[in-house]
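Engineer: Following this message is one structure expressed as structure tokens.
The values are calculated or read from the model by the stated rules, or taken from the named source; none is laboratory data. Everything numeric in this text was worked out from a predicted model, so none of it was measured. Positions of Cβ are backbone-derived with ideal geometry, glycine not excepted, and every protein chain shown enters the neighbour counts.
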Amino acid sequence: MRLLGLAATVASLGCIGPRVEVLPSGPGARAMPRPPGCKMEFFRTRPERPFDELAALLASGGDTGKREAADFHEALRAKGCELGADAIIVTTDYLGYLGPGRIMNGVAIKYRSTPASVP
């Protein structure tokens, strides 16, 4: 019975998703957290809308057998929702076959609100 419990524990450890470290952008860069599962845009270049940077996000690790980009997008999205971000600009997407596995870094951003038009 103990062997089954140990096997289940080891199997669950192998399914751990990527770890995301957060490096805040500065003292004025804050936003209200958004609900878990919030919609998040992903960009490879800077969006045209004005925005403020909230934090750099560094994702690495996870199950070494599963290095899918979608797993890393999900981890970054979840952290972005916690930070109140509207989007993430992916700055690094590296898949090392012999080294550290996949690494995906990005910047969590919050769009600036545009003032209402005055007729």
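Engineer: Checking PHE72 against (1) assigned to a helix (DSSP H, G or I); (2) in contact with a Pro (Cβ under 9 Å, 6 or more places away or on another chain); (3) at pLDDT 95 or above, which single condition isn't satisfied?
Structural biologist: Checking PHE72 against (1) assigned to a helix (DSSP H, G or I); (2) in contact with a Pro (Cβ under 9 Å, 6 or more places away or on another chain); (3) at pLDDT 95 or above, the one that fails is (3).
Engineer: Restricting to the stretch 93-119, and then to whatever is among the hydroxyl-bearing types (Ser, Thr, Tyr) and not in a strand (DSSP E or B), can you tell me which residue is modelled with the lowest pLDDT?
Structural biologist: SER117
Engineer: Still on this structure, please answer the following. May I ask you to list the residues in the stretch 55-69 that are within 12 Å of the chain's Cα centre (by Cα) and either over 11 Å from ILE88 (Cβ atoms) or at pLDDT 95 or above (or both)?
Structural biologist: Residues satisfying the conditions are ALA55, ALA56, LEU57, LEU58, SER60, ALA69.
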